[in-house]
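The values are calculated or read from the model by the stated rules, or taken from the named source; none is laboratory data. As the structure is a computational prediction, the values presented were derived from the model and not from experiment. Note that each Cβ is placed from the backbone with ideal geometry, even for glycine, and that neighbours are counted across all protein chains shown. Remember, those area values only see protein heavy atoms, side chains included, never the ligands or the DNA or RNA. Shrake-Rupley method; radii C 1.70, N 1.55, O 1.52, S 1.80 Å.
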Amino acid sequence: MLRSLHMKLVMIMVLLIMSLMIVVGAFLINSVTAFYLEDFYSQMSDVFQDPLLYHDLTTPASEEENGAQQLSLVLDAYAGELGVDGRNRKLYILDSNGVCLISPDGAAAQLNYTENLTFALTTGLETGQSGDESSLALDYMDVAIPIRRGEESYIIYILDNKATSNDLTDQMLVLIVEALIFGLVISILLSFLLSKTMVTPIQKLTEGAMRVAEGDFSRKIEVVSQDEIGVLTDTFNDMAGQLRDTLRQVENERNKLDTLFLHMTDGVVAFSREGRLIHSNPAAARMLRQSIGPETTYEDLFPGGAALDQVLAADDHLEEERQVRDRYLQLLMAPFDRGREGGGALVVLHDVTEQRKNEEMRREFVANVSHELRTPLTNIRSYAETLTENAGEMPPDMEKKFLGVILNESDRMTHIVQDLLTLSRFDSERDELKLTRFSFEEAVQDIYNAVYMEAQKHDHTLTLDMEPGLPAILADRERVLQVMMNIVSNAIKYTPDGGHIDIYAGTRRGRVWMIVDDDGIGIPEEDRPRIFERFYRVDKARSRQSGGTGLGLSIAREIVERHRGRITLLRKESPGLAIRLELNIEGPDYGR
């Protein structure tokens, strides 16, 4: 209870009043006692300095028999001025030997020889000095005055037992105690009111601080005064407002970071210095192909790699690459909060599978281009050297045949270079589509007519099935015809003689489509995902024999994608291959 500021203020006020009353009471009591003491000696001095009294005391009568009795009679006349009453203040007359001659208590009176009485008997009788010294600590007041009366010496001794002073002191003490009690009651009431006035704003501040600590910034504390507590309350309200805005900003930033952390494609895993998991995002679990729980450690996720102590001691960051099933992951490991107890290690996982595939594709691309160009160049050189060495000696038919081979190989090189230039223009976004509106039905019919004779040469059965009234489309007619021709030509090339090739066309939901279905050699399941890659061929030897370069379907896909269309392989139960082409009727910008 005493820990309460309210009670502490009350106790301080009570102790302050008590201390003040005690000090004042002690001062008053001492002042009254000192006043009575000073008044006593002042009264004695004034009376005994009266010349008439002094004359009566020192001048004996003729034939005086009892001087002490005469002194008593003289002093009785001044009893009122001396305050002698026989009870509280008594008058004694002693001879020079200290024998009490006159006493209000009778002849059997016994006197205590105080310092003043002793001084008067020993020194005062010779020097005439009175014994008039006393102290507030003594419980009496006395004065001893030596008198020379004729030939005899006497001591007038007045003793006051301080009864009057003590009675007044007791009464004053009672008044002080009563005043103290009354003052305490008032001080307690006032201190309660004062402390309540001071503590109530502090309690409100405490309640407000507790609400702020719990995250409640909705209510402000009312400012009821303009003093320091009012200024503190106003400052607290401003601080709470600033803290609320700051927490909102921090919360927004944290939400942004959490969202980014949750949905980022790179995996992130954080560990403490002991190797315990602090945090991870879903991408890390997907990339590592294993679940990550609270009990997962650094060694569980990255065994056999850089040790945790090595990562924590690294100046910058460590890199390593590892393969997880069919994926290649690049690991960037770095310490955070270096030198602090709460630090640890952060591991960022980046999927570099596509980069590795692209690098492999680039290597294959360069190798394929080199190989594709070297083969016709080698043939051209061989036939040209043979013609040169046997000029004029070869039969005309043989020379014509050799020249035909050279022309065919030149055409083959030209096709390869043209295809490479086409892909290069697509990659650099420099090949603009020449959009025109043309009949999709006529385009399909033209392709059918163009390849019909080639299909007859291989004894293929070529059929065309189109929905009537196909709409005109907005596209680059030459590029679309190039894609159609590539699909149908491949079907003719890779279908054994006597096969069947069916062409279907129609429209659906704002798109036109064409399907080329054959019963040829088809594509193995493991090669289907790569069929549209550049220079990729299922049977490279047979492709070269048929004049293929492995770029046709790559170019077709590039053209279709630039038209915002789709070219896909369809699944079929029977042997062969079915390819579906879809294009927007309203052009590349439709459906964006």
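Every pair of different Cα atoms in segment 66-175 enters the Kirkwood calculation, which places the hydrodynamic radius at 14.7 Å. Principal semi-axes of the equivalent ellipsoid, √(5λ) from the alpha carbon gyration tensor of segment 123-262, are 83, 18, 11 Å from largest down. Note on MET18: accessible area is roughly 70 Å² with a 1.4 Å probe, heavy atoms of protein only. Legend: residue pairs LYS357/LYS493; LYS401/LYS493; LYS8/LYS204; LYS400/LYS457; LYS493/LYS572; LYS401/LYS457, Cα-Cα distance threshold 26 Å; pairs beyond threshold, LYS357/LYS493. Between the helical axis of 5-48 and the longest alpha-carbon principal axis of the chain there is an angle of about 20 degrees. Decide, for segment 1-157, between rounded, prolate and oblate: order the square roots of the alpha carbon gyration tensor eigenvalues as a ≥ b ≥ c, take rounded if a/c falls under 1.5, and otherwise choose prolate if a/b is larger than b/c, else oblate. Note, shape of segment 1-157 comes out prolate. Across every pair of different alpha-carbon atoms, what Kirkwood hydrodynamic radius in Å does segment 3-49 reach? Hydrodynamic radius (Kirkwood, Cα only) of segment 3-49 equals 13.5 Å.
Comparing Cα centroids, segment 14-28 and segment 66-106 end up 43 angstrom apart. Between LEU73 and ASP309, residue separation times 0.36 nm minus the direct Cα-Cα distance comes to 73.1 nm.
With a Förster radius of 51 Å applied to the C-beta separation of THR461 and GLU320, the computed FRET efficiency comes to 0.30.
Helix 440-457 axis versus longest C-alpha principal axis of the chain: approximately 50°, rounded to the nearest ten. Full extension of the chain segment joining ASP497 with PHE27 gains 155.5 nm, where the gain is 0.36 nm per residue of separation less the Cα-Cα distance.
For PHE35 and THR59, the FRET efficiency from 1/(1 + (r/R0)^6), where r spans their Cβ atoms and R0 equals 35 Å, is about 0.50.
Compute the FRET efficiency between VAL185 and LEU232 as 1/(1 + (r/R0)^6), taking r as their Cβ-Cβ distance and R0 = 45 Å, and round to the nearest 0.05.
Here the calculated transfer efficiency is 0.90.
The peptide list 188-199, 156-167, put in order of mean Cβ contacts within 10 Å with the highest first, becomes 156-167, 188-199.
Taking 0.36 nm per residue of separation and subtracting the current Cα-Cα distance, fully stretching the chain between ALA213 and LEU433 would add 72.8 nm. Remark: accessible surface ordering of MET44, MET413 (largest first) is MET413, MET44, probe radius 1.4 Å. Note on THR127: accessible area is roughly 80 Å² with a 1.4 Å probe, heavy atoms of protein only. Take segment 49-92, drop everything but the C-alpha atoms, weight them equally and run the Debye formula without solvent; then report log10 I(q)/I(0) at 0.13 Å⁻¹ to two decimals. Log-scaled intensity ratios, in q order: -0.31. Annotation: lysines with alpha-carbon distance below 21 angstrom to LYS90 (same-chain offsets under eight excluded): LYS162. Computed with a 1.4 Å probe on the full set of protein chains, the accessible area for SER370 sits at about 60 Å². When each of the peptides 522-529, 292-299 is scored by the mean number of other C-beta atoms lying within 10 Å of its residues, the order from highest to lowest reads 292-299, 522-529. Would you work out which of ASN584, LEU136, LEU308 lies farthest towards the positive end of the dipole of the chain? Charges go on Cβ: Lys and Arg +1, Asp and Glu -1. Result: ASN584.
With a simple spin-label model that places each label point 7 Å from the Cα along the Cα-to-Cβ direction, the separation between GLU393 and HIS263 comes to 7.8 nm.
Label separation (ASN166 vs ARG273): 8.0 nm, computed from points 7 Å beyond Cα along the C-beta direction. Take the alpha carbon gyration tensor of segment 380-513, find the square roots of its eigenvalues, order them as a ≥ b ≥ c, and report rounded if a/c is under 1.5; if not, report prolate when a/b exceeds b/c, else oblate. Cα axes put segment 380-513 in the oblate bin.
To the nearest ten degrees, helix 396-427 and the longest principal axis of the Cα atoms of the chain are 20 degrees apart.
Counting charges near VAL560 (Lys, Arg +1; Asp, Glu -1) among other residues having Cβ under 13 Å from its Cβ returns a value of +3.
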